[in-house]
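A short worksheet on the structure shown next.
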Amino acid sequence: MLGEPHYDEAIVHFQRGLVLEQANRVEEAVEEYRRALEHNPHLAEAHDALGNYYHRHGLLAKAAEEFRIVANLEGGFLAYFNIGSILIELGRYDEAINALLHCLIFDAEDPAVHYQLGLAHFLHGDDYAALYHLRMTQQRYPNDSSLHLLIGRCHLRLGVYDEAETAFHIALRHATHDIDRLRIRMYLQAVERHREIGVIHSLRERFYAEQGVAYLGSTHDDGHRTEEFADFHFTYPDIAISLHRLTRLARLQRWRLTCIVPIDRLAEPLARALAELLQVPLRGADALQPDDIALLTLAIGHEAELLKLAIERAPCASVTFCLGLDWLRHNAVVPDVIGVVARDMCSVPWEPEFRRLRAQGAPVDQLNACLNQATQQIVAAVQSTPAPITPQSLAFFQKFRRLRYIEHACGATITC
């Protein structure tokens, strides 16, 4: 059993931690909290302080563990609420729901708990349970924009489009920030796309209905029904089919592009080929002008941050295109036009050689030769690969009437 002197020492360290944290000497405060726990592992206040520190610094698993200890020691409302909220962020929805249900023992009508339960059920895919808890919250906060937005998303996923539209309009009415209003309008457009598509049968229809994204596919589909792959390693004929479909989409929709921009060096052969196919100039990102409409191009999307950075830095309106996308397991950001999605790995034919040369510190002329050869092979593949267009795929291309728009800080807007 813990001796009294140790307990007193733990309290001293904990109080020092509080004083240091109030003085904004956070790292020193954390050390004091840890010393307090060395003397008294059952000091709930120190575990709670550490949990809050870990949470603020993104160490969610550690934060959850500290709050779990607090709950075991005290069994209080706040500890279970903190655990539930962090477990939602960690994607551990079943555990989050169980923790939050403990909160209802203390207060069965707490609106914050019901909102978190609604969010956890929504993210877990149970829209009916989510709506039950969100309506409990709605009774107390009828004018909360984020609440109505989540209600609308539940109805949208359930296919109850009139209810979804009503919820989004209420959310829009109460939204206080431009970025929130923009997001809500995007969901209102999604309602119209779902009505347009009806029952979703393919990955292409899902991307279009849910996000307004054009999914092109490649040689492994008929241009109408598309699927997601575990791995997809492009051949040049694969690339040719995707580019044929992209150029057809651009012409049918009369895109007013002024330039093609490769986002990284790996994308240069693809961007050059597109510039030739679309008869649009190739341009570097540093040469963009405010009145441009740029097609920002990625060959393989390994990191969403690269795409986001390119959009942020572009001083003009843009459409984003990624031939092969493999980051969706880690990030929900998607470009406006996608060739193929792979769950695990995706590559283009020139990627292994290009990366080998870079790793060996090859001179610029060797890197350029590798990329130039890839460009020539893409163009040759496009010229030699037939691009049959079935009536079903042609009809679907013509239905791309509500592709999402991109709005940047410069204020320029493009609707495709």
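The values are calculated or read from the model by the stated rules, or taken from the named source; none is laboratory data. Being a predicted model, the structure only gives us computed values, none of them experimental. Every residue, glycine as well, gets a Cβ built from its backbone with ideal geometry; the counts of neighbours run over all protein chains shown. Ligands, DNA and RNA are stripped out before the accessible areas are found, and what is left, the full protein with its side chains, is counted by its heavy atoms. Shrake-Rupley method; radii C 1.70, N 1.55, O 1.52, S 1.80 Å.
Pairing residues of the stretch 235-249 that are β-branched (Val, Ile, Thr) with residues that are open to solvent by less than 20 Å² (accessible area, probe 1.4 Å) and assigned to a helix (DSSP H, G or I), at Cβ distances under 6 Å and at least 6 apart in sequence or on separate chains, gives ILE239/ILE378. Read through the list (1) more than 19 Å from the chain's Cα centre (by Cα); (2) assigned to a helix (DSSP H, G or I), then give the number of the only condition that PHE207 fails. Condition (1) is where PHE207 drops out.
Got a number for residues in the stretch 104-157 being open to solvent by 60 Å² or more (accessible area, probe 1.4 Å), hydrophobic (A, V, I, L, M, F, W, C) and either on the phi > 0 side of the Ramachandran plot or under 21 Å from the mean Cα position of the chain (by Cα) (or both)? Number of matching residues: 1. When SER384 is tested against the conditions (1) more than 19 Å from PRO335 (Cα to Cα); (2) under 33 Å from the mean Cα position of the chain (by Cα); (3) at pLDDT 65 or above, the lone failure is (2). Scoring GLU45 on the criteria (1) modelled with pLDDT of 75 or more; (2) surrounded by fewer than 20 Cβ atoms within 10 Å (Cβ to Cβ) leaves a single failure, condition (1).
Taking first residues from the stretch 93-104 that are within 13 Å of HIS124 (Cα to Cα) and partners that are of a type outside the set (Phe, Trp, Tyr) and buried (at least 20 other Cβ atoms within 10 Å of the Cβ), the Cβ contacts under 6 Å between residues at least 6 apart in sequence or on separate chains come to TYR93/ALA120; GLU95/LEU87; ALA96/GLY84; ALA96/LEU87; ALA96/ILE88; ALA96/ALA120; ILE97/ALA120.
Check every one of the strands (runs of 3 or more DSSP E) wholly within the stretch 228-313 and list those with 3 or more residues that are under 22 Å from ARG355 (Cα atoms) and under 20 Å from the mean Cα position of the chain (by Cα).
Values: elements: 229-233, 259-262, 293-301.
The qualifying strands (runs of 3 or more DSSP E) are 293-301.
The single residue among ILE83, ILE105, ILE69, ILE97 that is closer than 27 Å to ARG157 by Cα and not in a loop (DSSP other than H, G, I, E, B) turns out to be ILE97.
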